[in-house]
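The values are calculated or read from the model by the stated rules, or taken from the named source; none is laboratory data. Being a predicted model, the structure only gives us computed values, none of them experimental. Cβ: placed from backbone, ideal geometry, glycine included. Neighbour counts: every protein chain shown.
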């Protein structure tokens, strides 16, 4: 197990206002609109449902009793609620909702550690578009994998991890050698980001293969993998770059 705790920010020159704002919005939505996870009506109305994205139709279902295939325990699965606007908006709204305290804490920790460096490098506006676009592509990757591997298209997905995976993909390409402080099992150490993020991605691949065999544990690994690949591909398009000290870019006269 590896958990990042911080990274080297000595070269950061701007305040990451977009990253802080994204974190604040996620927390506000979870606390006020989702009621710390207790408001199922809101959550089931604005989560991404693969069947709705493919059909374009708003699907409403009744509450039902489901069984965990791994533990055999039964639980009540809330039904899908009506989405008051087009179902395609859920590709965005689902990025700001979470399934529990552990879910939002982990996602916001990763966003806080890695998002500020990408924002500093890209600039505020480009970073925001990059974040939202990779999040949408991550959700679409989940929708595609649901149908490709015969998953249940009525099970909704939510969370910022798809977009954050895009941030990680961009971070890996832009800052492969940046030191990241991690908790590795019980040891506190520093490793290059290529190691920290590389191990994270390896776990996502293993989890993805596990989900195909029915052992996914309710995690949308395809969204993580899809968001990460989207970040790898798009980061150079959005990378505004920085001028090196003493280097003039432009015309002289």
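Worth pointing out:
- The single condition from (1) more than 13 Å from residue 223 (Cβ to Cβ); (2) touching a strand residue (DSSP E or B) at 6+ places or on another chain (Cβ under 8 Å) that residue 129 fails is (2).
- So residue 42, is it in contact with a helix residue (DSSP H, G or I) (Cβ under 9 Å, 6 or more places away or on another chain), surrounded by fewer than 20 Cβ atoms within 10 Å (Cβ to Cβ) and farther than 25 Å from residue 206 by Cα: yes
- Residue that is surrounded by fewer than 19 Cβ atoms within 10 Å (Cβ to Cβ) and under 23 Å from residue 181 (Cβ atoms), where the choices are 124, 103: 103
- Test for residue 140: is it closer than 23 Å to residue 30 by Cβ, modelled with pLDDT of 95 or more and outside any loop (DSSP other than H, G, I, E, B): no
- Selection over the stretch 154-190 of residues that are over 30 Å from residue 80 (Cα atoms) and either in contact with a strand residue (DSSP E or B) (Cβ under 7 Å, 6 or more places away or on another chain) or part of a strand (DSSP E or B) (or both) gives a count of 13.
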